[in-house]
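Colleague: Below are the structure tokens for one structure; questions will follow.
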Amino acid sequence: MIRLTACILACCLTFSLTFAQEKKGQQPPQAAMDDMMKKMMELASPGEGHKKLADLVGVWETETKMWMAGEGSGQATITKGTSEGSWVLGGRFLRQDFTGEMMGMQMTGFGFTGYDNYAKRYLAMWVDNMSTTLSTMEGTFDRSGKVLTMYGKMDEWMTGELGKTVKYVTRFISRDKHVFEIHDLSIGEPNTKVIEVTYTRKK
């Protein structure tokens, strides 16, 4: 919504400036307008940042491990599921649809991941039937280009915490395998990982 509003305001501003110049009998600087339109199209088009997400496209079998108090605190709860990743909006965002199990209950959810050309950051959101919240996160790849680390805020109803920082890590192992981790930083190192989802491409 913020990006849409900004885009609309930019277009309105361009129109207003053009109209004001024409009213004064002046011709708008065409070169400046062309440069502005070119820049806008570049920022609005999928680019190299989006290509890094291409290995997430496909149908996947998932294995989820969960530790209530962090990895190493005890035996993990393990569940199976399926996921499908697909491009939407002309390759601007990757949609993930997930079906699986969580704490003995059926879980379904979906999310979107994309790259903001202007901010030069990856953005993501997630919703599912296990809560009424919308999770958002943002971050960057490391130098290897194989690990995407993102951060977001969440409210923890079990403890009453508000705005707790959560780390999300996606490790690109190969074209046919990647691992997604959720880290509860409030636990403290080295056992911050509470969820690990391994995605294996379905054959």
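The values are calculated or read from the model by the stated rules, or taken from the named source; none is laboratory data. None of these values were measured; they are calculated from a predicted model. Every residue, glycine as well, gets a Cβ built from its backbone with ideal geometry; the counts of neighbours run over all protein chains shown. All accessible areas refer to the heavy atoms of the entire protein, side chains included, with ligands and DNA or RNA removed. Shrake-Rupley method; radii C 1.70, N 1.55, O 1.52, S 1.80 Å.
Colleague: Look at region 133-150 and say how many of its residues are within 15 Å of the chain's Cα centre (by Cα), surrounded by fewer than 15 Cβ atoms within 10 Å (Cβ to Cβ) and more than 26 Å from Ser174 (Cα to Cα).
Modeller: Matching residues across region 133-150 total 1.
Colleague: Take the residues of region 90-132 that are under 19 Å from Val166 (Cα atoms) and charged (D, E, K, R): which is most open to solvent (accessible area, probe 1.4 Å)?
Modeller: Among those that are under 19 Å from Val166 (Cα atoms) and charged (D, E, K, R), it is Arg121.
Colleague: What residue, of Pro29, Pro46, is open to solvent by 50 Å² or more (accessible area, probe 1.4 Å), within 19 Å of the chain's Cα centre (by Cα), at pLDDT below 95 and farther than 19 Å from Val179 by Cβ?
Modeller: Going through Pro29, Pro46 in turn, the sole match is Pro46.
Colleague: Could you tell me whether any residue of region 151-164 is farther than 20 Å from Glu71 by Cβ, open to solvent by 70 Å² or more (accessible area, probe 1.4 Å) and out of contact with any strand residue (DSSP E or B) (no Cβ under 9 Å at 6 or more places or on another chain)?
Modeller: Yes, the conditions are met somewhere in region 151-164.
Colleague: Are there any pairs, at least 6 apart or on different chains, whose C-beta atoms fall under 9 Å, with the first in region 77-102 and of a type in the set (Phe, Trp, Tyr) and the second outside any strand (DSSP E or B) and at pLDDT below 95, and if so, which?
Modeller: Pairs found: Trp87/Pro46.
Colleague: Additional query: Which residues, counting only those in region 49-81, are part of a loop (DSSP other than H, G, I, E, B) and open to solvent by 50 Å² or more (accessible area, probe 1.4 Å)?
Modeller: Lys52, Met68, Ala69, Glu71, Gly72, Ser73, Gln75
Colleague: Inside region 175-200, can you point out the residues that are open to solvent by less than 70 Å² (accessible area, probe 1.4 Å), touching a residue at least 40 places away in the same chain (Cβ under 8 Å) and either of a type in the set (S, T, N, Q) or farther than 14 Å from Gly81 by Cβ (or both)?
Modeller: His178, Asp184, Ile187, Asn191, Thr192, Lys193, Val194, Thr198, Thr200, listed by residue number.
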